[in-house]
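Participant: Quick one: this structure, given as structure tokens, is what I'll be asking you about.
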Amino acid sequence: MIDFFRLTKKSSRHIGIAIYVGIIAGIFSALVKSGFEGLIPPRTIETTPPPIVLLEKLGLNIDTMTYHWMGYSINWGGNGVHILFSIVIAVIYCIIAEYLPKVRLLHGICFGIAVSIFAHGLVVPLLGLSGWLWTAGYQALISEFVGTAFWI
């Protein structure tokens, strides 16, 4: 059996570097996830994305959080929430990997799937930002879990 909880030696941990790498990786991985969702959307066109719902619940006017690029109107608020979430998760992943190297199993795919289940299966529905994971349908599940594999 794999010893999942075997810690690294204290002298081999580089937390500062892990945080720095997590920030950079979080930014890039958010862009990858966003691009993947453009190819295989995780929700119908009529469904409001959870980051937008969160901003609205916080009382923010999402209509003022847009910029225009080549004829497209892009909501930087919703994208900003997604990027911030990605940075936080990437930093957590990098720090945990400094202590528990087995978290890197399958290059982090197992961690990413666990985060996806936790976020979309528990936190997002409990906050009232979206429905429960099992009500999403198979297409949304494919998008979330395959996208998460690329994201991590």
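Only the coordinates and a few stated rules stand behind these numbers; no lab work does. Not measured: the values here are computed from a predicted model. Virtual Cβ from ideal backbone geometry, glycine too; neighbours counted across all protein chains shown.
Participant: How tilted is helix 109-118 with respect to the longest principal axis of the chain? Cα atoms for both, answer in degrees (0 to 90, nearest 10).
Facilitator: 50 degrees
Participant: Sticking with this one: How far is helix 138-151 tilted off the main Cα axis of the chain, in degrees rounded to 10, range 0 to 90?
Facilitator: 50 degrees
Participant: Quick check on the exposure proxy: order Glu98, Glu56, Glu144, Glu46 from fewest to most C-beta atoms within 10 angstrom. Kindly include the intermediate steps, with their values, before the conclusion.
Facilitator: Details: Glu98 19, Glu56 14, Glu144 25, Glu46 5.
Neighbour counts put them in this order, fewest first: Glu46, Glu56, Glu98, Glu144.
Participant: Here is a further query. Does the range 11-151 classify as rounded, prolate or oblate by the C-alpha gyration tensor (a ≥ b ≥ c root eigenvalues; a/c under 1.5 gives rounded; else a/b over b/c gives prolate, otherwise oblate)? Spell out each step's value before the answer.
Facilitator: On the way: a/c = 1.88, a/b = 1.45, b/c = 1.30.
Here the range 11-151 falls in the prolate category.
Participant: Still on this structure, I have one more. In deg cm²/dmol and to the nearest 500, what is the mean residue ellipticity at 222 nm of the chain if only DSSP H runs of at least 4 residues count, each as -39500 (n - 2.57), divided by the residue total?
Facilitator: Details: 5 runs with 81 residues, N = 152.
Value at 222 nm, helices only: -17500 deg cm²/dmol.
Participant: Just to check I understand the Karplus step: with θ = phi - 60° and J = 6.51 cos²θ - 1.76 cosθ + 1.60, what whole-Hz values come out for the range 69-76, glycine and proline as x?
Facilitator: The phi angles translate into 9, 6, x, 9, 9, 10, 8, 6 Hz.
Participant: Take Lys10, Lys57, Lys102, Lys33 and order them by how many other Cβ atoms sit within 10 Å, fewest up front.
Facilitator: Going from sparsest to densest Cβ surroundings: Lys10, Lys57, Lys102, Lys33.
Participant: Under a 10 Å cutoff between Cα atoms, tell me which one of Arg13, Arg104, Arg43 has the largest fluctuation in the Gaussian network model of the chain.
Facilitator: Arg13
Participant: Would you mind telling me which residue in Leu39, Leu31, Leu133 has the biggest mean-square fluctuation in a Gaussian network model of the chain, where springs connect alpha carbons within a distance under 10 angstrom?
Facilitator: Highest fluctuation of the listed residues: Leu39.
Participant: If you don't mind, another one. Can you give me the relative contact order of the chain as a percent, contacts being Cα pairs under 8 Å and 6 or more apart?
Facilitator: Details: 162 pairs, mean separation 54.4, N = 152.
Relative contact order for the chain comes out at 36 percent.
Participant: Another question, if that's okay. Each label point is 7 Å from the Cα along the Cα-to-Cβ direction; what then is the distance between the points at Leu39 and Tyr67, in nm?
Facilitator: For the pair Leu39/Tyr67, the computed spacing is 2.5 nm.
Participant: Still on this model: With the crude spin-label approximation of a point 7 Å out along Cα→Cβ, what separation in nm comes out for Leu84 versus His14?
Facilitator: 3.0 nm
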